[in-house]
1. When you scan the range B:167-182, how many residues do you find that are in a strand (DSSP E or B) and either open to solvent by 10 Å² or more (accessible area, probe 1.4 Å) or within 14 Å of chain A (Cβ to nearest Cβ) (or both)?
2. Answer yes or no as to whether B:Asp247 is without any contact (Cβ under 8 Å) to a residue 12 or more places away in the chain and either more than 14 Å from chain A (Cβ to nearest Cβ) or not polar (S, T, N, Q) (or both).
3. Report the residue count in the range A:105-120 for those that are more than 10 Å from chain B (Cβ to nearest Cβ) and either in contact with a His (Cβ under 8 Å, 6 or more places away or on another chain) or open to solvent by less than 10 Å² (accessible area, probe 1.4 Å) (or both).
4. Here is a list of conditions, (1) over 21 Å from B:Ala82 (Cα atoms); (2) more than 7 Å from every other protein chain (Cβ to nearest Cβ); (3) touching a residue at least 40 places away in the same chain (Cβ under 8 Å); (4) under 20 Å from the mean Cα position of the chain (by Cα), and A:Asn89 meets all of them except one; can you say which number that is?
5. Restricting to the range B:207-238, name every residue that is out of contact with any strand residue (DSSP E or B) (no Cβ under 8 Å at 6 or more places or on another chain) and open to solvent by 50 Å² or more (accessible area, probe 1.4 Å).
6. Enumerate the helices (runs of 4 or more DSSP H) found wholly within the range A:257-331, keeping only those where 1 or more residues are out of contact with any Pro (no Cβ under 7 Å at 6 or more places or on another chain) and open to solvent by 30 Å² or more (accessible area, probe 1.4 Å).
7. Taking the stated definitions as given, is A:Gln50 open to solvent by 10 Å² or more (accessible area, probe 1.4 Å) and either over 24 Å from A:Leu184 (Cα atoms) or not hydrophobic (A, V, I, L, M, F, W, C) (or both)?
8. Across the range B:122-153, what is the total count of residues that are in contact with a helix residue (DSSP H, G or I) (Cβ under 7 Å, 6 or more places away or on another chain) and among the β-branched types (Val, Ile, Thr)?
Protein chains: 2
Amino acid sequence: METAHRGKQSFVFHDPPAILAFASVAGKKEADGPLGSTFDKTAKDTKFGQKTWEKAETQMQRTAMELALQKAGLREEQLDAAFVGDLLNQCVGSSFCMRNRNIPTFGLYGACSTMAESLMLAAMSVNAGYCRRVLALTSSHFASSERQYRFPLAYGGQRTPTAQWTVTGAGAAVIGSKGDGPFLLNATVGTIVDDGIKDAANMGAAMAPAAYETLRAHFDDLGTSPEDYDLIVTGDLGKLGFRLVKDLFSRDGVELEERYRDCGVLIFDCERQDAHCGGSGCGCSASVLCGHLLQKMRRREIRKLLFCGTGALLSPLTTQQGESIPSVCHAVTISTERS
Amino acid sequence: METAHRGKQSFVFHDPPAILAFASVAGKKEADGPLGSTFDKTAKDTKFGQKTWEKAETQMQRTAMELALQKAGLREEQLDAAFVGDLLNQCVGSSFCMRNRNIPTFGLYGACSTMAESLMLAAMSVNAGYCRRVLALTSSHFASSERQYRFPLAYGGQRTPTAQWTVTGAGAAVIGSKGDGPFLLNATVGTIVDDGIKDAANMGAAMAPAAYETLRAHFDDLGTSPEDYDLIVTGDLGKLGFRLVKDLFSRDGVELEERYRDCGVLIFDCERQDAHCGGSGCGCSASVLCGHLLQKMRRREIRKLLFCGTGALLSPLTTQQGESIPSVCHAVTISTERS
């Protein structure tokens, strides 16, 4: 068997797994944004009929999973595994969603990069024959994140200009060994990069170097360049981080130009919606991928996508202890063709 | 290629990855316990020379990783990937250990099952040819856990009889495609089981059903029975959970008897050391596996081991919200022979 390892940190899938189905769920603010019509389900009720925001997050995951399975024509018991995670302490959004479902479950923590991490591992497990059909699932919730990472909502704290708005949303994708695609061609696993940014209200600046490093490694490992992709999209760098990545590539003489976008910038009309630098959270890249982006791929408006999940691996405690912010970025190539 | 999938939730490794080296680090109480002499490094200083308990946890991981790499005769840059996680909110023990090391890193959250989850994914990635050499690494710390999950240490809270003592320890294993073993033969991925236990001071009772379900699935999927293993070991069920697993099997007419042990029971002399039901935490099964157990395998005193990481997937918040405790157990077969 030809080896799947490429260069420093990439894998190639010789039998590219297919995305059988995908679904996204989002909140009121997201429904009111530029991508509002692309989510499968939105709710005006921030609690999604639940008693707490944390349970609402579990409910969003449940809905995204059920919708994706329904579209794939599969039942839960036909899944060989699920790769799940979220931002809540101890990833309880995912664990509670998966309890007593009888689905073999791998818990992940990649902060906001989780959708890319789960897709990578899903593709790895299907391509290698460990699993036939698997689920990649994640979520975030503005209100549960605010109270866990920042301030109680009722406190009404002022947001800094570099702040981002955690997306209330979930995304689910079902990956299988057979299907019409889009297909997962390869993946680049991120290293953890910390360039010393200490401002927890400026995650874009903290994560941009990780995104740059992973993209560079991806192009080097696979011998590709930005021109080989119709679209390169980062998860949630927001306006500032997005600009920093463009600048970092410019210094190398590479102009990403119109083929580069960021899910955090796409999801909100930042000015009108008072979202400052844009969206963030696991649910940001998950709901944009499992809605807007994959829908465009189904319509062949995007044929080759480099999807890069970005995550800031800080905790409120590390910030209080004066630490800087380690970050990670994982990249997956998604294509309408099997090569 | 013969498929790697087996039964409901197991994988078989056709080219069994080898454990190239392993190392463990532990604290003072663990050094004073029955396995004290099996840890590579112990410290009387709970802070391991650091300013905070959280940084101490990162320091333990760093030391375990460095020792394991040293024993394997490898440098960090020779690792194709690391599978890491811990109990701290946002898994900061691991993320801070891995930052700026240039090692492709997958972040995991499996609560105290993390050592088994990381071994499974490490073996999956090596067996399939994605990686040549990878690291599985995890830790826990009594003091950082107490303040995060329970009470400030200075409060001096009374512990209930079913309480367990979070192990201060870390374990690291380097897995590769070539080597003299022990070898990773197969893995059974756990489903998330919640039988309604709500007492966060009784994790053994919460996790026992998950351990039972995974063991049952393992035996069914692979057509084995307890007699096929020299030792079956769960991660941190403690005295009560250990007895519950034995009872659950007894009801099926299966007596696990002397071939079944629990790392949480092995690591402390519970009476003398005031550890109540025994040890717990990611570091419990990690430091017992990457010391005591694998040392015994190297000496051929154990030839076939079924290593079962157990994790309670609760958070302090879900307990406050009146929720029960979802649990998981992942199992890996480790053998001195390649089959």
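1. So the count comes out to 1.
2. Judged against the criteria, B:Asp247 is a match.
3. If we filter the range A:105-120 for residues that are more than 10 Å from chain B (Cβ to nearest Cβ), which is where we start, we get A:112, A:115-116, A:118-119.
Going one step further and asking which of them are either in contact with a His (Cβ under 8 Å, 6 or more places away or on another chain) or open to solvent by less than 10 Å² (accessible area, probe 1.4 Å) (or both), we end up with A:115-116, A:118-119.
Final tally of qualifying residues: 4.
4. Of everything listed in (1) over 21 Å from B:Ala82 (Cα atoms); (2) more than 7 Å from every other protein chain (Cβ to nearest Cβ); (3) touching a residue at least 40 places away in the same chain (Cβ under 8 Å); (4) under 20 Å from the mean Cα position of the chain (by Cα), A:Asn89 misses just condition (2).
5. B:Arg216, B:Asp220, B:Gly223, B:Glu227
6. Numbers: elements: A:263-266, A:270-273, A:282-288, A:294-298, A:316-320.
Answer list for the range A:257-331: A:263-266, A:270-273, A:294-298, A:316-320.
7. Working: open to solvent by 10 Å² or more (accessible area, probe 1.4 Å): yes; either over 24 Å from A:Leu184 (Cα atoms) or not hydrophobic (A, V, I, L, M, F, W, C) (or both): yes.
When the stated conditions are applied, A:Gln50 passes them.
8. 2
The values are calculated or read from the model by the stated rules, or taken from the named source; none is laboratory data. Not measured: the values here are computed from a predicted model. Quick reminder, even Gly has a Cβ in these numbers, built from the backbone with ideal geometry, and neighbours come from all protein chains shown. We work out accessible area using only protein heavy atoms, side chains counted, and drop any ligands, DNA or RNA first. Shrake-Rupley method; radii C 1.70, N 1.55, O 1.52, S 1.80 Å.
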